[in-house]
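Nothing in this text is a laboratory measurement; each read-out follows from the coordinates by a stated rule. If you're wondering where the values come from, they're calculated on a predicted model, not measured in any experiment. Counting neighbours? That spans all protein chains shown, and the Cβs are built from the backbone with ideal geometry, glycine included.
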Amino acid sequence: MSQTAEYEVVVVGGGIAGCFAAATAAAEGAEVVQLERKPRERGGFIACGDAIKSPRDPEKYPGPIDMDAICDDEAVLVDRSIDQIEWWDRELDVQMVLPYADHSNVIDRYEFGQHLLDEVEELGADQHFDTVVKEVIQNGAVSGVEAVRDGEPVTYHGDVVVDTAGAQSILQDMIGYEELSAREEVSFEQPHYTHFGSAYREVVETEEPVEFENAIVGKPLEQLGYVWYFPRTPTEINVGLGFQMSQSPVPLADRLGRDMHTEPALPDAQVAERFGSPNKLGSSIALRRPLDSMVAPGYVAAGGAAATTHPISGKGIRGAALSGYSAGFYAAQAVHAGDTSEESLWGHNHYMFVQHGEAARLASRDAYNVAASSQSISLLRAVAALLPEEEVKSIVGTKSKVNGIGDLVSVAVGAARNFIDHYRSGTFDDLGVSNNDLYEVFRGVRTARTYANRYETHYDAYPEIRGGFFNWRDDRDQLDSAYYDALELGSADRKY
Ligand SMILES: Cc1cc2nc3c(=O)[nH]c(=O)nc-3n(C[C@H](O)[C@H](O)[C@H](O)COP(=O)(O)OP(=O)(O)OC[C@H]3O[C@@H](n4cnc5c(N)ncnc54)[C@H](O)[C@@H]3O)c2cc1C
């Protein structure tokens, strides 16, 4: 017979978002259980490139988790050792170097994850490991989950279920959102599978320190994929690759092996071991803007499950932390108020889009991803070769911004300079890219920038209460259509 457990807040997932949610809800006085399918000693052993910027910044990592104490442990590797981003296109002989003014870190994600779990425990949440959530209980509202713990069935009842089960959360397949609300319209947005990517990483060791020990390195691949080399230490490198799920499937480990085999900067690299096996992991990643609404009656989503994460620009970990904090905070407030309706949980959406605003910034920058996805990889490589470094920085989302006419002039001059260099070296002929193609891409970048600003203005006005949501969403959908028309996208390329 199934055992039963009663809590106020049930958090599914022991990743970044789950730890921030469970810790915050517990610190806010709620009775919390955190459920994680892995055993305790493997908690935090998660596929990631491990690049993390400003982990001590309380604006990016709010809440009761003591990030300073975690970062002070040398094993976590928050050593600010990264001060460059590099873009290598070996075939085109391009090596672009962008300074990373504030420094970044490539952490040991496992050590970091173990500390996060410790903090959750210290803040008073119960933690059930080896616990796999199999079903969601709902009756007008989400009211718990069915799980198997150490092989035995357990029913967890909760006033609020926090979904931090990662990108492509299984909970979202199980919940009937339409049945949760007696009203006609559902605010929660269920993502489409084309909004995700598959990613895979290995931790490799080299005998000699690598030359790029202070840089995170990206390289282009076919089908809009990319490879990264992120050095944790001069001889320990997180190498990985990712592809969008909208393209045909690529065998990730084989493709990574092929890249590393021909990469002169990684001679003699061998896969490191963890838990007595090669340190290799894969997972899906959300490659879309944050969900329009992340709440439903008795339910809040955060992290990869709410797409508040943008791994390509190094905002995956922090987006999970921030949204986990918000989900835990608003779940606890709703419990204390005795009202776990969608209206009562709406503060989570509003915090993410307006009060904090990170979700609005992610949503507006997604305009660049939409524009890039509409171009061929050859064109994108040509543009990466062509663009001056300042412009690339503004697009990849490092701190520098193109501000005002002075910057735009320098962008134009830089583009012209690079264009002449690459024109002479025959880069564009090699790629089969004409001047007209390039002009079209620049037009696309300009259009993307215009619409990114429009999206930001619209998301900044995200409604404070559920009542205003549906009109807001209609207006946003119109903005989407106008943008797709401006980019001349066919129906198959329209992302949302
Ligand atoms: C290969 C790769 C490279 C990346 N590189 C970077 C990077 O360099 N920098 C960056 O900032 N971001 C990066 N990201 C993104 C970042 O890792 C994610 O945004 C972040 O981990 C999301 O955290 P999360 O807590 O939402 O989900 P996850 O970290 O996926 O955690 C979800 C947890 O839920 C558990 N779970 C799932 N289903 C169940 C279930 N049914 N029952 C019980 N438990 C369950 C899982 O075991 C897991 O522990 C990368 C992602 C990938 C896949």
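Is region 22-62 rounded, prolate or oblate when judged by the Cα gyration tensor, a ≥ b ≥ c being the square roots of its eigenvalues, rounded requiring a/c under 1.5 and prolate requiring a/b larger than b/c? All intermediate terms of the calculation are to be shown ahead of the outcome.
Working: a/c = 3.74, a/b = 1.08, b/c = 3.46.
Cα axes put region 22-62 in the oblate bin.
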Item to check | Full-extension gain in nm, Glu121 to Ile465, via 0.36 nm per residue minus C-alpha separation | outcome: 120.5 nm
Checklist outcome for this item: Quick calc: nm separation of the 7 Å Cα→Cβ label points for Glu440 and Glu111 -> 5.0 nm
Checklist outcome for this item: Rounded to whole angstrom, the alpha-carbon centroid of region 428-496 lies from that of region 243-296 at a distance of 28 Å
Next on the checklist: If each DSSP helix of 4+ residues adds -39,500 (n - 2.57) and the sum is divided by the residues in the chain, what number results at 222 nm, nearest 500 deg cm²/dmol?
Outcome noted: -11500 deg cm²/dmol
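Would you mind putting 51-63, 205-217 in packing order, based on average other-beta-carbon counts within 10 Å, highest first? Could the numbers behind the result be given before it?
Working: 51-63: 18.3, 205-217: 16.6.
Peptide ranking by packing, descending: 51-63, 205-217.
Return the Rg/Rh value of the chain, two decimal places, where both radii are evaluated on C-alpha atoms and Rh is the Kirkwood radius. Walk me through the numbers before you get to the answer.
Details: Rg = 22.8 Å, Rh = 23.5 Å.
Radius of gyration over Kirkwood radius for the chain works out to 0.97.
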Checklist outcome for this item: For the pair Ser376 and Glu205, the simple spin-label estimate (label points 7 Å beyond Cα toward Cβ) gives in nm 4.4 nm
Next on the checklist: What's the magnitude of the charge dipole for the chain around its Cα centre, counting Lys and Arg as +1 and Asp and Glu as -1 at the beta-carbon? Answer in Debye, nearest 20.
Outcome noted: 1280 debye
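Can you tell me the length gained on complete extension of the stretch Glu273 to Gln95, counting 0.36 nm per residue apart and subtracting the Cα distance? All intermediate terms of the calculation are to be shown ahead of the outcome.
On the way: separation 178, 0.36 × 178 = 64.08 nm, distance 3.11 nm.
Going from the current span to full extension adds 61.0 nm.
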Checklist entry - Roughly what would the spin-label model give for Gln3 and Val186, points 7 Å off Cα along C-beta, in nm? => result 3.3 nm
Next on the checklist: Sort 473-481, 8-16 by the packing proxy (mean of other Cβ within 10 Å over each peptide's residues), most packed first.
Outcome noted: 8-16, 473-481
Checklist entry - How big is the gap, in Å, between the Cα center of region 21-82 and the Cα center of region 320-363? => result 19 Å
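Would you mind calculating the gained length between Glu59 and Asp83 on full extension (0.36 nm times residue separation, minus the Cα-Cα distance), in nm to one decimal?
Details: separation 24, 0.36 × 24 = 8.64 nm, distance 2.15 nm.
Extra length available between Glu59 and Asp83 comes to 6.5 nm.
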Checklist entry - For a label point 7 angstrom out from the Cα of Met174 toward its Cβ, which stretches of region 110-145 have the backbone nitrogen within less than 16 Å? => result 128-145
Next on the checklist: Within the chain, count lysine pairs with alpha carbon atoms under 24 angstrom apart where the residues are 8 or more positions apart or belong to different chains.
Outcome noted: 23
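So in the chain, what percent of DSSP beta bridges are antiparallel if you round to the nearest 5? Please report the intermediate quantities before stating the final value.
Working: 56 of 79 bridges.
Close to 70 percent.
Order 483-496, 453-466 from most to least packed using the mean count of other Cβ atoms within 10 Å. Provide the component values of the computation, followed by the final result.
Numbers: 483-496: 14.2, 453-466: 16.4.
Ranking the peptides 483-496, 453-466 by packing returns 453-466, 483-496.
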